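I have placed the structure first, in the form of structure tokens, so that the comments after it can refer back to it.
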Amino acid sequence: MDTQARTELLALLRQEPRGAASRQGERVSKLCQELERSQPADLAAPGALELLEGVWELRWSSSRQPYLAVGPWLENLQLLAPSQGRGMNLLRLPGGLAPLAGIAVEAAISVENNQRVEVRFQRGGWLGPPLGGRRLQLLRTVQQSFAAWLDITVLDQDLRICRGNAGTLFALLRRPDLQLADLLLPLTSAPGPESPADPGPA
């Protein structure tokens, strides 16, 4: 394990305000690639899926797409629950404003090999504030003609590096202060159809 590269990358990703790592994007990319070579993830290894499970926050990406932007005004979270075959991308306001509004895309996920996770998006839309013990939401079916995938290239207790099917490189930090049970939406019957949605960081 390249501990020096890992330590430097974590320091860059943890910079505040959120998104500060983008100013050193070339260095972040280089460190990610070094770690991909020195400590490649193996999802077949004992305990790997337990490490993958949890709430992760996108802190840097090589993409220029606005929905993959990292900035102080927005939390870009990815919820992965391989034990349930579920995942969700969640864009929400930071801090105390988080419960008020968000955009979510839910997916069914399955581990395909030592690094690849297949992603089939199912529904997405708007999340509003809690009301009467339930959260307001307006979600519609996502029409996905082909499976997306995510290659988990580096994985440990704090850090996840991955590559999407479009070639985008992502660096995420675990959010131990957030719990899957609090953020994953209740399973319901399928909503009505709608046009395809862009899947986000998968």
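The values are calculated or read from the model by the stated rules, or taken from the named source; none is laboratory data. Please read all numbers here as calculations on a predicted model, not as lab measurements. Glycine also receives a Cβ, built like all others from the backbone with ideal geometry; neighbour counts cover every protein chain displayed.
Annotations for the structure displayed:
- Subset of the range 84-107 that is assigned to a loop (DSSP other than H, G, I, E, B) and in contact with a helix residue (DSSP H, G or I) (Cβ under 9 Å, 6 or more places away or on another chain) - its residue that is nearest to R59 (Cα to Cα): L93
- Cβ-Cβ under 7 Å pairs, at least 6 apart or on other chains, the range 30-48 side within 16 Å of E8 (Cα to Cα), far side of a type outside the set (A, V, I, L, M) and modelled with pLDDT of 95 or more: L31/E8; L35/R6; E36/T153
- Single unsatisfied condition, E50 versus (1) modelled with pLDDT of 95 or more; (2) out of contact with any helix residue (DSSP H, G or I) (no Cβ under 9 Å at 6 or more places or on another chain); (3) of a type in the set (D, E, K, R); (4) buried (at least 19 other Cβ atoms within 10 Å of the Cβ): (4)
- Hits in the range 86-126 (condition: more than 20 Å from I161 (Cα to Cα), over 15 Å from the mean Cα position of the chain (by Cα) and not hydrophobic (A, V, I, L, M, F, W, C)): P94, G95, G96, P99, Q122, R123, G125
- Residues in the range 94-114 that are touching a Lys or Arg at 6+ places or on another chain (Cβ under 9 Å) and not small (G, A, S): P94, P99, L100, I103, V105, E106, I109.
- Any chance R92 is under 21 Å from L43 (Cβ atoms), surrounded by 14 or more Cβ atoms within 10 Å (Cβ to Cβ) and among the charged types (D, E, K, R): no
- Cβ-Cβ contacts under 7 Å between residues 6 or more apart (or on different chains), taken from a first residue in the range 141-152 that is under 12 Å from V119 (Cα atoms) to a second residue that is modelled with pLDDT under 90 and assigned to a loop (DSSP other than H, G, I, E, B), are listed as Q144/P196; A148/N165; A148/P199; A148/A202; W149/N165; L150/A202.
- Any strands (runs of 3 or more DSSP E) falling wholly within the range 110-155 and containing at least 3 residues that are surrounded by 19 or more Cβ atoms within 10 Å (Cβ to Cβ): 116-131, 148-155
- Just so you know, in the range 101-137 the residues that are among the small types (G, A, S) and under 16 Å from L91 (Cα atoms) include one that is modelled with the lowest pLDDT, and it is A101.
- Selection from the range 155-189 of residues that are polar (S, T, N, Q), out of contact with any Leu (no Cβ under 9 Å at 6 or more places or on another chain) and either within 14 Å of L79 (Cβ to Cβ) or touching a residue at least 40 places away in the same chain (Cβ under 8 Å) (or both): Q179
- Scan the range 166-202 for residues that are buried (at least 16 other Cβ atoms within 10 Å of the Cβ), closer than 18 Å to L52 by Cβ and at pLDDT 85 or above and the total you get is 11.
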